[in-house]
Amino acid sequence: MSKTVETEGALETRGIEQVPDHERTARTRELFPTWVGANISVLLLTMGASLVVAYHLNIWQALVVAVAAPVVSYGLVGLIGIAGKRGGAPGMALSRAVFGQRGNLLPGSLIWVARWGWETINAVTGAYAMLTILDILFGLKANSVLDMVTLLVFVVATFAISGLGINAVQRCNTYATYLFGAFSVLVLGYLVANTDWTKVLHHGAGSTAAVITGIGMIAAGGVSWIPSAPDFTRYLPRTASSKAIVGTAVGGAGVVVLPMVLMGAVMAVGTPDLASASDPVSFLGEILPTWIAVPYLFIALIGMLLINSMSMYSAGFTAQTLGFKVPRHWAVSVNAVISLAFGGVLMLAATSFMGSFIAFLSLLAVAFSAWVGVFGADMLRRTEYDGRAMADTTRTSAYWYRGGFSPAAVAAWALGLVSGLLFTTSDWFTGPLAINNVIGEYGLGWVATIVVSGVLYLVLPKPVVVRPAGSAERDGRDEPAEPAGERETAGV
């Protein structure tokens with residue numbers, strides 16, 4: 001992405017304002033490593049192991065899950081990413097056109113808080129990878145002090161990459177894609193040579209309900225990226241192929257999710273404890289030989305670092321839309337501090353890391369899905385976004401609607417969110433409608449959320465867009481689309 005910001009490799013200074021056409025020179029193929037990097041997570045191995053241990057699936061059913069999950073979730077990522085090329089702005093800035101300047105604060109706040117948890121999980125996993133590498137190479141055993149030091153190092157590195165901006169994130173993701181490819185060949189070769197394939201291939205099959213539940217569980221992780229999709233497509237020209245945007249999202253995620261989930265499922269046949277390990281990273285370091293454990297953990301560390309960098313990069317935009325009147329890279333620092341604090345609590349106090357992760361994932365997906373349903377339904381009727389109206393947070397904005405709110409969008413979002421929670425079950429929370437029904441049994445509360453919020457938004461009456469006298473649709477066509485002072489510090 002060589003010309004998307006003013007200086008190659010420098011700090012990205014553009015905030016939530018619309019990108020003018022002359023800067024939108026990115027190419028869709030550059031999105032492929034972005035979605036590869038977003039999925040290089042050791043947790044996919046443990047989730048693959050859970051398919052065998054918790055859901056009792058065989059290898060062929062695990063294959064179905066590993067193919068279907070990224071197609072479903074990253075298909076949605078790609079579809080919402082199309083809004084980025086239409087509007088040339090981050091997802092939560094475009095969201096102002098849907099919810100209204102004040103109404104957007106509601107889903108924006110929830111998504112921002114949900115990112116705290118996602119970044120905390122990733123930071124802890126990265127710290128575990130560092131601890132295990134230090135143990136294997138230097139014999140340093142984990143303790144409370146070392147836990148906090150590794151967590152701090154990880155969060156600081158995350159902040160450095162995400163703070164620099166999209167060029168740094170994209171470049172790191174490209175390098176990580178090559179490393180992951182080499183790592184996959186290494187681990188697959190080891191598994192082929194050392195796995196009892198008779199035991200794997202003759203493992204009993206699970207129920208169809210368990211397959212659907214597995215798809216929902218793994219797809220839920222991808223759902224968390226949907227609101228961020230426009231953040232990484234806003235530098236694409238308006239003529240960029242929508243099919244290519246969707247294809248790179250599904251393809252980039254699929255080349256990671258498919259082998260990682262299958263590797264986890266194969267490993268679980270011989271070592272079922274993988275699915276329930278309190279520290280899945282160090283556990284994998286123990287069951288693999290040193291010559292493969294060290295590069296594996298190194299890749300896991302890089303993957304977690306990049307995932308968190310991408311998440312914090314998007315979180316910086318979300319913070320700006322919520323009214324943090326600071327440059328984007330300083331808005332990122334807010335999430336860095338929060339993930340450091342919450343990560344310390346999780347590392348020192350949590351008794352079951354994987355249990356906490358799965359429980360959090362189910363609630364996280366619902367939180368993101370309510371926004372996805374409304375925003376996605378709005379995309380069916382909207383092809384352009386008014387840059388000046390998005391940047392104008394006063395009553396003169398064309399996106400002020402009624403008191404700063406779009407009643408249809410806010411109502412559909414709130415009712416969809418409540419409906420999804422009613423059908424959601426986890427270790428932390430069980431909705432009253434999550435038992436003895438198809439949606440609850442299959443763990444598809446996030447699907448119910450998208451459907452309910454999307455359908456409600458389509459049928460509810462929409463507010464009329466009222467433009468100030470003499471204004472015109474300004475959508476970033478080379479002229480600056482933001483008033484003075486909004487470049488980095490746009491806020492409500």
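The values are calculated or read from the model by the stated rules, or taken from the named source; none is laboratory data. It should be emphasised that the depicted structure is a prediction, and the values quoted were computed from it without experimental measurement. A quick note on method: Cβ atoms are made from the backbone with ideal geometry, for glycine too, and the neighbour counts reach across all protein chains shown. Keep in mind that these areas ignore ligands, DNA and RNA; they rest on the heavy atoms of the full protein, side chains included. Shrake-Rupley method; radii C 1.70, N 1.55, O 1.52, S 1.80 Å.
Semi-axis lengths, largest first, of the ellipsoid equivalent to the stretch 143-223 are 35, 20, 18 Å, with √(5λ) applied to each eigenvalue of the Cα gyration tensor. Residues in the chain average 36 Å² of solvent-accessible surface per residue, probe 1.4 Å, ligands and nucleic acids excluded.
What is the angle, in °, between the Cα long axis of helix 290-321 and the longest principal axis of the Cα atoms in the chain? Nearest 10 is fine, range 0 to 90. The angle comes out near 20 degrees.
Can you compute the charge dipole magnitude of the chain about its Cα centre, using +1 on each Lys and Arg Cβ and -1 on each Asp and Glu Cβ, nothing else charged? Give it in debye, rounded to the nearest 20.
On the way: 28 positive and 28 negative charges, 227 e Å.
Computed about the Cα centre, the dipole is about 1100 debye.
Couplings 3J(HN,Hα) for the stretch 65-71, derived from phi with the Karplus relation 6.51 cos²θ - 1.76 cosθ + 1.60 (θ = phi - 60°), are 4, 5, 7, 6, 4, x, 5 Hz, where x marks Gly and Pro.
Taking the 1.4 Å solvent-accessible surface of the chain as the whole, the part contributed by carbon and sulfur is 68%. Which whole-number percent gives the relative contact order of the chain, counting Cα pairs below 8 Å spaced six or more residues apart? Normalised by residue count, the contact order of the chain is 31 percent. Ligands, DNA and RNA aside, Phe423 has an accessible area near 50 Å² when probed at 1.4 Å. Protection proxy ranking, highest mean first, for peptides 406-413, 294-301, 85-92: 85-92, 406-413, 294-301, where packing is the per-residue count of other beta-carbon atoms within 10 Å, averaged. Between the helical axis of 105-138 and the longest alpha-carbon principal axis of the chain there is an angle of about 30 degrees. At a Cα cut-off below 26 Å, give the lysines reachable from Lys243, other chains included and same-chain residues fewer than 8 away excluded. Qualifying lysines at Cα under 26 Å: Lys3, Lys85. Note on the stretch 110-244: Rg/Rh from Cα positions, Kirkwood definition for Rh, rounded to two decimals, is 1.03. Relative to the longest principal axis of the Cα atoms of the chain, the long axis of helix 328-349 lies at roughly 30 degrees.
FRET efficiency for Leu11 and Thr174, Cβ-Cβ distance as r, R0 = 25 Å, nearest 0.05?
On the way: r = 19 Å, r/R0 = 0.76.
E between Leu11 and Thr174, to the nearest 0.05, is 0.85.
Within the set [x] 25.3; [y] 22.7; [z] 24.0, the number that Kirkwood radius over Cα pairs in Å takes when calculated for this structure is listed as [y].
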